[in-house]
Amino acid sequence: MGVRTWITSWPVYRQLTGEDPLGRGAAAKSPHSDRLTARVDTADEVVKSVCPYCAVGCGQNVYVQDGRVTQIEGDPDSPVSRGRLCPKGSASLQLTTGPAREQQVLYRRPYGTEWERLDLDTAMDMIADRTVAARRSGWQWEVDGVRTRRTLGVASLGGATLDNEENYLIKKLFTALGAVQVENQARV
C-alpha cells in the first residue's frame, strides 16, 4: 500500500475532502466497519421483558435466535427507562448465557461442605415437604383465646421485579397456607 493510498483511506482525509465534512456518514466508515451488521439483525423474534435486578423495572428487548437469547438491550418504548439500562441491566445477557449460570439444581446438606446435583422433581418434593412441615410446626389455632388459624413457620418476601398480578397471586398462596408474614421489597 502506497503512501497516497494510505492517506486517502484515512477517515479524516475522506472527511475533509469528501461530501461528509461532519464525519457522520461515509467518511467515518472503513471497509471493515461497512461490512459489519448488528447482532440483532439476525434475531427471529424480539421479546419484551423487564430487567430483574432492582425495583425500577427498566424495559428490555430480548432478542432470540433459534430459541436462544442472543442480545438484551434497553426498550425505547418503556416509559420507565426509555431505552436506557444501567451497567447491571446491560450485562443481564449473562444471566441466560453466562458460563457461571447453573443449569441444574444444586443442594448442600445441612453441615455439608460439598454441593450435590438433584433432579428437579426431587428438589420440588423437598421444598413441598419442608413447607408442610414448617406450616405444621408453627401452626396456631388460637392465641390468648382468640381464634387465629395461622402459621408463623412460613413467610414470604417478594422480589423487586414482581408486578401487581404476581404479588396478588403470591399473597393468595401464602394466605391459603396460613402465613401472616407476607412482604415485598418493591417500592415502585
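Test residue 123 against the criterion of being in a loop (DSSP other than H, G, I, E, B) and either in contact (Cβ under 8 Å) with a residue 24 or more places away in the chain or not charged (D, E, K, R) (or both), and give yes or no.
Numbers: in a loop (DSSP other than H, G, I, E, B): no; either in contact (Cβ under 8 Å) with a residue 24 or more places away in the chain or not charged (D, E, K, R) (or both): yes.
Judged against the criteria, residue 123 is not a match.
What residue, among those in the stretch 158-188 that are surrounded by 15 or more Cβ atoms within 10 Å (Cβ to Cβ) and in a helix (DSSP H, G or I), is modelled with the lowest pLDDT?
Applying the filter and picking the extreme gives 167.
So, in the stretch 34-51, of the ones that are assigned to a loop (DSSP other than H, G, I, E, B) and out of contact with any strand residue (DSSP E or B) (no Cβ under 9 Å at 6 or more places or on another chain), which residue ends up nearest to residue 70 (Cα to Cα)?
Here the answer is 37.
Go through the stretch 15-33 and report how many residues are of a type outside the set (Gly, Ala, Ser), in a helix (DSSP H, G or I) and exposed (fewer than 10 other Cβ atoms within 10 Å of the Cβ). Working first, answer last.
Step one: list which residues in the stretch 15-33 are of a type outside the set (Gly, Ala, Ser), which gives 15-17, 19-22, 24, 29, 31-32.
Still in the running and in a helix (DSSP H, G or I): 15-17, 31-32.
Within this subset, residues satisfying the condition of being exposed (fewer than 10 other Cβ atoms within 10 Å of the Cβ) are 31-32.
Going through the stretch 15-33 one residue at a time, the tally reaches 2.
Is it the case that the stretch 98-112 has a residue that's surrounded by 14 or more Cβ atoms within 10 Å (Cβ to Cβ) and hydroxyl-bearing (Ser, Thr, Tyr)?
The answer is no, given that none of the residues of the stretch 98-112 is surrounded by 14 or more Cβ atoms within 10 Å (Cβ to Cβ) and hydroxyl-bearing (Ser, Thr, Tyr).
Criterion first (outside any helix (DSSP H, G or I) and either at pLDDT 90 or above or over 29 Å from the mean Cα position of the chain (by Cα) (or both)) does residue 84 satisfy it?
Judged against the criteria, residue 84 is a match.
Considering only the stretch 24-52, how many residues are modelled with pLDDT of 85 or more and among the small types (Gly, Ala, Ser)?
1
Out of everything in the stretch 34-69 that is under 14 Å from the mean Cα position of the chain (by Cα) and β-branched (Val, Ile, Thr), what residue ends up being surrounded by the fewest Cβ atoms within 10 Å (Cβ to Cβ)?
Among them, the one singled out is 47.
Kindly evaluate residue 57 against the criterion of being out of contact with any strand residue (DSSP E or B) (no Cβ under 9 Å at 6 or more places or on another chain) and on the phi > 0 side of the Ramachandran plot.
Criteria not met by residue 57.
Please pick out the residue among 113, 131, 148, 161 that is within 30 Å of residue 56 (Cβ to Cβ) and polar (S, T, N, Q).
The conditions single out 161.
Out of (1) free of Cβ contacts under 8 Å to residues at least 40 places away in the same chain; (2) assigned to a helix (DSSP H, G or I), what's the single condition that is false for residue 135?
Only one criterion is unmet by residue 135, namely (1).
Specify which of the listed residues (73, 114, 102) is part of a strand (DSSP E or B) and of a type in the set (Asp, Glu).
So the residue among 73, 114, 102 that is part of a strand (DSSP E or B) and of a type in the set (Asp, Glu) is 73.
Take the residues in the stretch 4-14 that are modelled with pLDDT under 75 and not in a loop (DSSP other than H, G, I, E, B); name whichever of them is surrounded by the most Cβ atoms within 10 Å (Cβ to Cβ).
14
Can you find even one residue in the stretch 71-89 that is β-branched (Val, Ile, Thr), exposed (fewer than 15 other Cβ atoms within 10 Å of the Cβ), free of Cβ contacts under 8 Å to residues at least 60 places away in the same chain and outside the structural domain of residue 49 (by TED's automatic domain parsing)?
No, there is no match, as no residue in the stretch 71-89 is β-branched (Val, Ile, Thr), exposed (fewer than 15 other Cβ atoms within 10 Å of the Cβ), free of Cβ contacts under 8 Å to residues at least 60 places away in the same chain and outside the structural domain of residue 49 (by TED's automatic domain parsing).
The values are calculated or read from the model by the stated rules, or taken from the named source; none is laboratory data. Because the structure is predicted, anything quoted here is derived from the model rather than measured. Backbone-built Cβ (ideal geometry, glycine too); neighbour counts: all protein chains shown.
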